[in-house]
Amino acid sequence: MTPEALTPLQKLEALAAKHHFVVTSTTGGHHTPHSLHYLGRAIDVSVRGKSDREVELLLEDAKAQGFRWLDERHKPADGRPWGGPHLHLSDPPLGWDGGA
């Protein structure tokens, strides 16, 4: 399948697999209202057992592919849902201003 034929979710999952990160959440789970997870445009990946360099390489590749990311290795102080240390990666639609 060509990269153009992949859905946003498939592209994000392929990125995680390329860097050997485990996807812990896609369209299910508990997320903030209006989360891109519910649109099939975001994933969470576990950082357990990953070095800072491994995280850095994943995020560099994500940025190069035009994805957005949030480093959620620490519990947010604002009370947002949090399922443990992870990275949130997303592929928002054009014109999206709702965050990552």
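Side notes on the structure shown:
- When the stretch 83-97 is filtered for residues that are surrounded by 13 or more Cβ atoms within 10 Å (Cβ to Cβ) and in a loop (DSSP other than H, G, I, E, B), the ones remaining, listed by number, are G83, P85, D91, P92, W96.
- Any chance H30 is in contact (Cβ under 8 Å) with a residue 12 or more places away in the chain, in a loop (DSSP other than H, G, I, E, B) and in contact with a Pro (Cβ under 6 Å, 6 or more places away or on another chain): yes
- The residue that is nearest to D97 (Cα to Cα), among those in the stretch 32-56 that are modelled with pLDDT of 90 or more and loosely packed, with under 13 Cβ neighbours inside 10 Å, is E56.
- Taken together, the criteria exclude A64 from residues that are under 26 Å from G95 (Cα atoms) and either surrounded by 11 or more Cβ atoms within 10 Å (Cβ to Cβ) or touching a residue at least 24 places away in the same chain (Cβ under 8 Å) (or both).
The values are calculated or read from the model by the stated rules, or taken from the named source; none is laboratory data. Bear in mind that the values here come from a model prediction, so they are computed numbers and not experimental data. Neighbour counts run over all protein chains shown; Cβ positions are idealised from the backbone, glycine included.
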